[in-house]
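Inspection log for the structure reproduced underneath, given as structure tokens.
Nothing in this text is a laboratory measurement; each read-out follows from the coordinates by a stated rule. The model shown is predicted, which means the values in this text are computed figures rather than measured ones. A quick note on method: Cβ atoms are made from the backbone with ideal geometry, for glycine too, and the neighbour counts reach across all protein chains shown.
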Amino acid sequence: MNNKGILIIISGPSGAGKGTVVEELKKDTNYMLSISATTRAPRKNETDGVHYFFKTAEEFEKMIDDKKLLEYASFCGNYYGTPVDYVNEKIENNKEVILEIEVQGALQVKKIYPDAVLIFLTPPSMGELRKRLEGRATETPEKIKMRLDRATEEFGIIDKYDYIVINDSVENAVENIKCIVKAEKMKAYRNLNLKSVLKGDILNA
Ligand code: 5GP
């Protein structure tokens with residue numbers, strides 16, 4: 001089998017439950033999560049270098065200038081971006097690398113890595129999304145509105161994604177994502193090295 005990892009992009013509106021699903025996937029040591037840089041202020045439970053690399057706008061713009069980011073986007077007034085070195089190193093070492101990023105960034109990555117697998121995680125309904133956002137109480141009502149508006153925009157481009165996974169329960173969503181990755185790893189074009197190995201076996205038989 002091919003020994004390169006797969007780049008898995010998980011997008012979806014705020015409140016879709018991406019964080020919880022990704023935490024569950026990370027329990028499997030084959031999956032690594034890329035830690036993004038952002039100019040957003042840390043939430044109460046967030047630690048620098050664990051949840052994000054928290055940066056000032058100047059620091060972030062220097063990362064852009066120094067070509068340290070694989071992609072970046074502006075989301076609800078803040079920059080978010082993926083540090084490039086980590087992703088390349090893990091993929092070369094046969095790890096599945098998860099990027100939990102919004103849609104603009106996801107489309108940028110797909111252009112650079114056409115083999116990346118784009119998964120859109122969605123809650124069962126918009127009503128459920130609003131309930132989850134209000135329930136977690138990490139944002140002000142204005143910020144919640146911005147995020148819901150942004151969610152509507154994001155739903156508009158889900159046809160650019162390879163898969164849609166409904167997060168009706170974390171367990172189901174994780175199982176479905178693992179199924180997708182398993183099937184992706186068996187795609188013929190990812191395993192063309194087997195052609196010469198099998199041919200060699202036939203000749204030696
Ligand atoms: P939050 O502020 O809720 O942590 O994240 C807001 C949005 O930014 C989410 O949709 C999240 O997936 C996205 N995001 C987080 N990191 C990155 C990144 O490195 N690049 C891009 N393009 N989006 C990101």
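Arrange the peptides 107-114, 189-196, 14-21 so that the one whose residues have, on average, the most other Cβ atoms within 10 Å appears first.
Listed from highest to lowest mean packing, they are 14-21, 107-114, 189-196.
Taking N as the residue count of region 83-170, its C-alpha radius of gyration divided by 2.2 N^0.38 Å amounts to 1.26. Once label points are set 7 Å from the Cα along Cα→Cβ at both residue 125 and residue 184, what is their separation, rounded to one decimal in nm? Calculated label separation equals 3.0 nm. Ordering of 173-180, 54-61 by packing is 173-180, 54-61, highest average first (other Cβ atoms within 10 Å, averaged per residue). Residues whose amide H falls under 5 Å from that of residue 53, counting only those 5 or more places apart or on a different chain, are 36, 37, 38, with hydrogens built in the peptide plane.
Per-residue ellipticity at 222 nm, computed for the chain from helices alone with -39500 (n - 2.57) per DSSP H run of at least four residues, works out to -13500 deg cm²/dmol.
Here the Kirkwood formula puts the hydrodynamic radius of region 47-97 at 12.0 Å, using every distinct Cα pair.
State which entries of 4/195; 68/178; 145/178; 90/110; 27/90 exceed 22 angstrom in Cα-Cα distance in the structure shown. Beyond 22 Å: 68/178; 145/178. Comparing Cα centroids, region 54-91 and region 1-46 end up 15 angstrom apart.
Taking the average, over residues, of other Cβ atoms within 10 Å as the packing measure, peptides 119-125, 90-96, 23-29 rank 119-125, 90-96, 23-29 from highest down. Run a plain Debye calculation on the chain (Cα atoms as equal point scatterers, no solvent) and give log10 I(q)/I(0) at q = 0.10, 0.18 Å⁻¹, rounded to two decimals, same order as the q list. The calculated log intensity ratios at q = 0.10, 0.18 Å⁻¹ are -0.46, -1.39.
In this calculation the C-beta distance from residue 194 to residue 162 is compared with R0 = 30 Å, giving a FRET efficiency of 0.85.
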